[in-house]
Amino acid sequence: MYRTTFQDLVRYLYRKVWDAERAQDLAQEAFVRVLDDSPDNARAWLFTVAANLARDEARMVVRRKKHLTLIRAEMDEAVPGPDPVDRLEREAQVESARKALDELSDRDREVLLLWDSGFNYREIADRTGLATGAIGTTLARARKRLVAAYDAAEERNVARG
């Protein structure tokens, strides 16, 4: 289970906490917490535990955000990287994607993240409480909203630049 699910779980958590190392730590913590459990659908249970951990993490993000931003800026300055213009463009794209995801409703964001993590429609329905038949429509609408929010964020970045 660990080998087949860990990377999907980390990707899912990364999109909730926006910190790669923290996403890996939370994924490991989720696996530790479900070791003693024997649920019918272990993968869904694991993602539920992970989502709860991410929600708890979100409560602490505001306090950590300023500190992490300073550390990242120092690391970026210390480590030579690609062309500064390319790096700035990439950072702007990543920021636009984050803002676009943040603008989605919790339901849309959750459905997209679960789908991206490899859950099938039935598993997404079980996790979110939506009808299985509604998942395809919900995904299509969430994708449209995500694209619209991303395009709007990109336009704001271009207008500022």
From the options T5, T48, residue that is part of a helix (DSSP H, G or I), more than 17 Å from E110 (Cβ to Cβ) and in contact (Cβ under 8 Å) with a residue 40 or more places away in the chain: T5
How many residues does the range 117-140 hold that are in contact with a helix residue (DSSP H, G or I) (Cβ under 9 Å, 6 or more places away or on another chain), in a helix (DSSP H, G or I) and either surrounded by 14 or more Cβ atoms within 10 Å (Cβ to Cβ) or of a type in the set (G, A, S) (or both)? 13
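Of the residues R122, R64, R90, which single one is modelled with pLDDT of 85 or more and not polar (S, T, N, Q)? Can you show your working first?
Numbers: R64 fails: modelled with pLDDT of 85 or more; R90 fails: modelled with pLDDT of 85 or more.
Result: R122 is the single residue among R122, R64, R90 that is modelled with pLDDT of 85 or more and not polar (S, T, N, Q).
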Of everything in the range 3-43, what is touching a Phe, Trp or Tyr at 6+ places or on another chain (Cβ under 9 Å) and of a type in the set (D, E)? Give them in sequence order. D8, D37
For the list (1) surrounded by fewer than 17 Cβ atoms within 10 Å (Cβ to Cβ); (2) closer than 28 Å to A27 by Cα, I need the number of the one condition that R156 fails. (2)
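The values are calculated or read from the model by the stated rules, or taken from the named source; none is laboratory data. Not measured: the values here are computed from a predicted model. Using ideal geometry, Cβ is built from the backbone for each residue, glycine included, and neighbour counts are taken over all protein chains shown.
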